[in-house]
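Chemist: There's a structure below that I have some questions on.
Just so it is clear, none of the values below were taken in a lab; they were calculated from the coordinates. Only a predicted model underlies this, so the values are computations on that prediction, with no experimental measurement involved. Cβ atoms come from the backbone with ideal geometry, glycine included; neighbour counts cover every protein chain shown.
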Protein chains: 2
Amino acid sequence: MQILKLGGSVVTHKDEYMSAHTENIKRIAKEIAEAGSYPLIIVHGGGSFGHPVAKKHRIAEGMVDKSQIFGFSETHQAMVKLNEIIVDILLKADVPAFAISPSSMLYTNGKRLNELDTSIVKEYIELGMVPVLYGDAVLDSEQTFAILSGDQLIAQLSNDLGADRIIFASDVDGIFTDNPKLNPDAKLLKKVSVGNIEANVGDTTHTDVTGGMQGKLSEAAEAVKGGADVIMVNAFEAGRVKAAIRGEKVIGTFLTL
Amino acid sequence: MQILKLGGSVVTHKDEYMSAHTENIKRIAKEIAEAGSYPLIIVHGGGSFGHPVAKKHRIAEGMVDKSQIFGFSETHQAMVKLNEIIVDILLKADVPAFAISPSSMLYTNGKRLNELDTSIVKEYIELGMVPVLYGDAVLDSEQTFAILSGDQLIAQLSNDLGADRIIFASDVDGIFTDNPKLNPDAKLLKKVSVGNIEANVGDTTHTDVTGGMQGKLSEAAEAVKGGADVIMVNAFEAGRVKAAIRGEKVIGTFLTL
């Protein structure tokens, strides 16, 4: 079983409010269909849908003021809209996608998924479908509500369902020795140990309410420890997502123990 | 706690494929906000969104052919789209709505909800929110997938959460002695015993994959037996939904034991 993460930078235009990157989504949907390697779970980020709404209403910090419940719901609505676009495109590309709403099936305890009943996700997979989940605004037992990042959800799904491989698809080739946008001598690291995530992974310059690249790596580390192969690839380069799903040689960064 | 059912004939133009009746939804959202009576759960039907898609792919009968999994997902997508429109309008009208996706949290056994973990719905209610659910395409343990009607969902939620009142809002005043569209002498019945649902309730002339009015009444009977007051009102008449939510005198049909 594989899990494909489609980062917010891949599925949305990060600088345009609630603008889906339909061109990217269509090409990637085609690559997934062509790879034809199932079982597969897809989890996507929020990009310019979920993040700005969650930030505006301070959802990640939990409830301070009762009026935030509207922002909490609006954050979820933004994610539903993005998920709807992605699932519609996947279905058209012949990928048997099925939308799963995290906030309808789970909640966090102090921002963390302590236990997750993955049985319904498993049922969709056994039927040959591709569950499509996302980072979401969810109920939280300590701070009333919270933001569950797609990355945390992936780590938990991976460990609960025993994923063989997780593919993180974003807008960069992987992890570099330095910020490649500022330093032309920066080199792509083909392998990075999760015990050594002090590497310069570049600061995310966009609105991200889920902890950016450092947060991503620490969640990915949990999945690596759980036994999954983890690879980071650039989804803007045609063919890389397809190659990664097929387990073929591909430019990217492998995370190791 | 009250449950409001918004029938497919109320929230969609039944004769126009995937056309939301936004005018109706907006007025009803305003009535719900003005009534200001919480806790409240809203469940809506599929109308011209869910029903034609489910019918085309024969989802209600379960899986016969593997290719139906696309139609199964498309049925759910249609319902997500309608739900999104309704929740967006409710939020704008100041109703703290939150979208809950039935197929993400439950499945049926032989088309029936034998047990339903309502804890997450309860959490949203305790937070002062209004969960908005809907009839959905769901997994089924016997026939792979099935259509869960909003009415069956309501009966189960009512009995599990102990609803005081259920309001079924549709496009007719209630139950008549004869079909009022054909017989001008037909009279509205103010009270109908659920033990006597042989009354002429009129055949639904539209695509309905969930059993029409007879199906609705037999689900409602379960809720009445469970102790809830059940009233049927015409949501096309301004003020009736509001009056019903407030527990005021209103034209409609009360269901009794």
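Chemist: Neighbouring Cβ atoms within 10 Å as the yardstick, rank B:VAL121, B:VAL138 fewest first.
Modeler: Sorted ascending by nearby Cβ count, the order is B:VAL121, B:VAL138.
Chemist: A further question on this structure: Skipping prolines and chain starts, which residues have an amide H placed within reach, meaning under 5 Å, of the one on A:VAL230, given they are 5 or more residues away or on another chain?
Modeler: A:ILE166, A:LEU255
Chemist: Taking the Cα centre as origin and putting +1 on Lys and Arg beta-carbons and -1 on Asp and Glu beta-carbons, what dipole magnitude results for chain B, to the nearest 20 debye?
Modeler: Roughly 400 debye, rounded to the nearest 20.
Chemist: Could I ask something else about it? Hey, got a sec? Which GluC sites (Glu not before Pro) in the range B:121-170 land in a DSSP loop and have at most 15 other Cβ atoms within 10 Å?
Modeler: Here the sparse-neighbourhood loop sites are B:GLU142.
Chemist: For the pair B:GLU142 and A:ASN183, how long in nm is the line joining their label points, each one 7 Å along Cα→Cβ?
Modeler: Once both label points are built, they end up 6.5 nm from each other.
Chemist: Treating only the Cβ atoms of Lys and Arg (+1) and Asp and Glu (-1) as charged, compute the dipole magnitude of the range B:210-257 about its Cα centre; round to the nearest 20 debye.
Modeler: Computed charge dipole of the range B:210-257: roughly 140 debye.
Chemist: How big is the protein assembly as shown on each of its three principal axes, counting only the C-alpha atoms and giving the largest first in Å?
Modeler: 87, 51, 35
Chemist: In nm to one decimal, list the spacings between the A:THR177 label point and its equivalents in the other copies, with label points set 7 Å along Cα to Cβ, shortest first.
Modeler: Those separations, rounded to one decimal, come out as 9.3 nm.
Chemist: Separate question: Report the far tail of the P(r) of chain B, meaning the percent of Cα-Cα pairs longer than 33 Å.
Modeler: Tail of P(r) above 33 Å: 13 percent of Cα pairs.
Chemist: Which is farthest toward the positive dipole end of chain A among A:VAL64, A:PHE236, A:ILE147, measuring Cα position about the Cα centre, with Cβ charges +1 (Lys, Arg) and -1 (Asp, Glu)?
Modeler: A:PHE236
Chemist: Which one, B:ILE28, B:VAL95, B:ALA78, projects farthest toward the positive side of the charge dipole computed for the range B:1-95 from Cβ point charges (K/R +1, D/E -1)?
Modeler: Farthest along the dipole direction, towards plus: B:ALA78.
Chemist: Using a 7 Å offset from Cα along the direction of the beta-carbon, what are the separations from A:LYS190 to the same position in each other copy, nm, ascending?
Modeler: Sorted ascending, the copy-to-copy spacings read 8.5 nm.
Chemist: If neighbour count is taken as other Cβ atoms inside 10 Å, put A:TYR107, A:TYR17, A:TYR134 in order from fewest to most.
Modeler: So the residues, fewest neighbours to most, are A:TYR17, A:TYR107, A:TYR134.
Chemist: So between A:GLU123 and A:ARG246, what do we pick up on full extension, going 0.36 nm a residue minus the alpha carbon distance?
Modeler: Length gained between A:GLU123 and A:ARG246: 41.9 nm.
Chemist: For B:ALA33 and B:LYS56, what does the FRET efficiency come to when R0 = 41 Å and r is the distance between their Cβ atoms, rounded to the nearest 0.05?
Modeler: The formula returns an efficiency of 0.70 here.
Chemist: To one decimal in nm, how far is B:GLY227 from the same spot in the other copies, if labels go 7 Å from Cα toward Cβ? Please give the shortest first.
Modeler: Between copies, matching label points for B:GLY227 lie 4.8 nm apart.
Chemist: Please list the helices of chain B that count as membrane-span-like by this rule: a mean Kyte-Doolittle hydropathy of at least 0.0 together with Cα atoms stretching 15 Å or more along the helix axis, each helix being a complete DSSP H run.
Modeler: B:68-92
Chemist: Treating only the Cβ atoms of Lys and Arg (+1) and Asp and Glu (-1) as charged, compute the dipole magnitude of the protein assembly as shown about its Cα centre; round to the nearest 20 debye.
Modeler: Taking the Cα centre of the protein assembly as shown as origin, the dipole is about 440 debye.
Chemist: Just for the Cα atoms in the range A:75-197, what are the lengths along the principal axes, largest first, rounded to whole Å?
Modeler: Principal-axis extents of the range A:75-197 (Cα, largest first): 46, 41, 30 Å.
Chemist: Which Cα, out of A:ASN159, A:LEU133, B:ASN183, lies furthest along the positive dipole direction of the protein assembly as shown (beta carbon charges, K/R +1, D/E -1)?
Modeler: After comparing all options, I get B:ASN183.
Chemist: Quick one: Cα centre-to-centre distance for the range A:68-92 and the range A:215-242, in angstrom?
Modeler: About 23 Å separates the Cα centre of the range A:68-92 from the one of the range A:215-242.
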